[in-house]
1. Treating the Cα atoms of the stretch 80-197 as identical point scatterers in vacuum, please give the log10 of the normalised Debye intensity I(q)/I(0) at q = 0.20, 0.23 Å⁻¹, two decimals.
2. Ordered by packing density, taken as the mean number of other Cβ atoms within 10 Å over each peptide's residues, highest first, how do 55-62, 115-122 rank?
3. Towards the positive end of the charge dipole of the stretch 1-149, with charges on Cβ (+1 Lys, Arg; -1 Asp, Glu), say which of Ala64, Phe11, Ser53 has the farthest Cα.
4. Give the share of C-alpha pairs in each 10 angstrom bin for the stretch 106-160, from 0 to the last occupied bin, in whole percents, shortest bins first.
5. Say the dipole of the stretch 25-212 comes from +1 at the beta carbon of Lys and Arg and -1 at that of Asp and Glu; which of Tyr195, Thr73, Met33 then lies farthest toward its positive end?
6. Principal axis extents for the stretch 135-220, Cα atoms only, whole Å, descending order, please.
7. Report the net charge of residues surrounding Cys152, where surrounding means a beta-carbon distance below 13 angstrom and charges are Lys +1, Arg +1, Asp -1, Glu -1.
8. Let me know the whole percent of all Cα-Cα pairs from the chain that are separated by more than 24 Å.
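Read the figures in this text as sums done on the coordinates, not as results from a lab. The structure presented is a predicted model; accordingly, all values stated were derived computationally and were not measured. All Cβ positions, even for glycine, are placed from backbone atoms using ideal geometry, and neighbour counts span all protein chains on display.
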Amino acid sequence: MAQSEVDLAFFKDRGFGKLLGFGNKPCLIVADMITGFTDATMPMGSDLTSQISKVNRLLDTMHALDLPVIFTTISYDDDKLADSGLWYQKMEGLKTLKVGTTAVNVDSRLDFGTGDSLITKKYASSFFGTDLISRLNSNHVDTLIIVGCTTCGCVRATAVDALQYGYRPIVVEDAVGDRSLASHEQSLFDLEQKYADVLKTDKVIEAVLTKYGQYINVNK
C-alpha cells in the first residue's frame, strides 16, 4: 500500500476528513490570480493556464446565478515595502508586487465581471487586514468557494481563516495551483483532512447549480 493510502486510512480511522458541505449562500474567492503569480517568467510566478480555465468555468456559473465573486491581489505602495512587514525578509520576490505595476493586476485571461469585487491585501490570508468579513456578512454568505494561488500559501491561509471565522470553505482542487507540486498535493491533503472540503470543478459546479439554481439575490 502506498504511503498516501496509509496516511488517508490513518486519518479516516480517527475521524478526520468529514464533509462540511455547502450552506445557504456561497461566494467565490479568487485568491491572487494576478500576473505576478500566473506569469511563469516572473520571480513569483508559475504556469497556471489550466487553473485559469477552471476558474473561468466557475466564474461563468457564479455570474449566471448572480452570486458574489471577490478577487484578491497583493500590492505594496511603500517604497521600502514597510507595508509587507517581516514577510519581505522571508520572500524577496514580494518586491515585484508594487502598486501600479502589471504584476499586481488580475490576470487578463480571467472573466472579471462588472459586479465582482477586488480586495487588496498585504499578507497571505484574504481575511487578514481586510474588510472581507464585512463584505461576506453584508451579502449573507456562509460558504466560501476558494480558487487561485498558491495552494500552500494564500489559498491555505484563507481556507483556515474561513473555518475559524465560521464560514464553510470549499477548496477547488483543480482550480488552485502552486509553484511546487509537492507543496500543492500536501496542502490539499492537509486541508481536506482538517480545514475544508476539497472538490473538483465539475463537482462544485454541479453542487452550485443543484443547490442555488433558482437563487435570487435580493440583497446584492
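1. -1.32, -1.51
2. 55-62, 115-122
3. Result: Phe11, furthest along the dipole toward the positive end.
4. Over the stretch 106-160, the share of Cα pairs per 10 Å bin runs 20, 54, 27 percent.
5. Going by the Cα projections, it comes out as Tyr195.
6. That works out to 43, 27, 20 Å along the principal axes.
7. So the environment of Cys152 carries a net charge of -2.
8. 41 percent
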